[in-house]
1. Would you list I59, I14, I68 from fewest to most Cβ contacts within 10 Å?
2. Arrange the following residues from fewest to most other Cβ atoms within 10 Å of their Cβ: K65, K33, K42.
3. Of H13, F44, T76, which is farthest towards the positive pole of the chain's charge dipole, taken about the Cα centre with +1 and -1 on the beta-carbons of Lys, Arg and Asp, Glu respectively?
4. Just rank Y4, Y41, Y10, fewest to most, by other beta-carbon atoms within 10 angstrom.
5. Taking only DSSP H segments of four or more residues, each worth -39500 (n - 2.57), what value at 222 nm results for the chain once the sum is divided by all its residues, to the nearest 500 deg cm²/dmol?
6. Can you list the equivalent-ellipsoid semi-axes of the chain, largest first and in whole Å, using the square root of 5 times each Cα gyration tensor eigenvalue?
Amino acid sequence: MSTYFYEYRYKIHIQVKDNTGKTTFVLFNDVAKQLHDTSAYKLFNKLSSPDNNDVSSHIQSFNGKDFIFKLKLNSTI
């Protein structure tokens, strides 16, 4: 009998816009965990409970919020 252990991690695609245009950012686990203030594992367990079917409110928690992102660009192709 095999036992499987899963590591739940965030990968959140967000659309970002300012007065110059818009683009898509991908928030990976460490950054998303800080912004969401909970681990993906804890959120998964909370959403998996039989008495919680409100996934959309957790997903929409970023909607309408203002964030400042620091970007690092290089010229290497």
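Bear in mind these aren't lab numbers, they're just calculated from the coordinates by the rules spelled out. Just so we're clear, the structure is a prediction, and the values are computed from it rather than from any experiment. Methodologically, a virtual Cβ is constructed for each residue, glycine included, from the backbone with ideal geometry; neighbour enumeration extends over all protein chains shown.
1. I68, I59, I14
2. Fewest-to-most ranking of K65, K33, K42: K65, K42, K33.
3. T76
4. Listed from fewest to most nearby Cβ atoms, that is Y4, Y41, Y10.
5. Result for the chain, helices only: -7500 deg cm²/dmol.
6. Details: eigenvalues 173, 68, 18 Å².
For the chain, the ellipsoid semi-axes come out as 29, 18, 10 Å.
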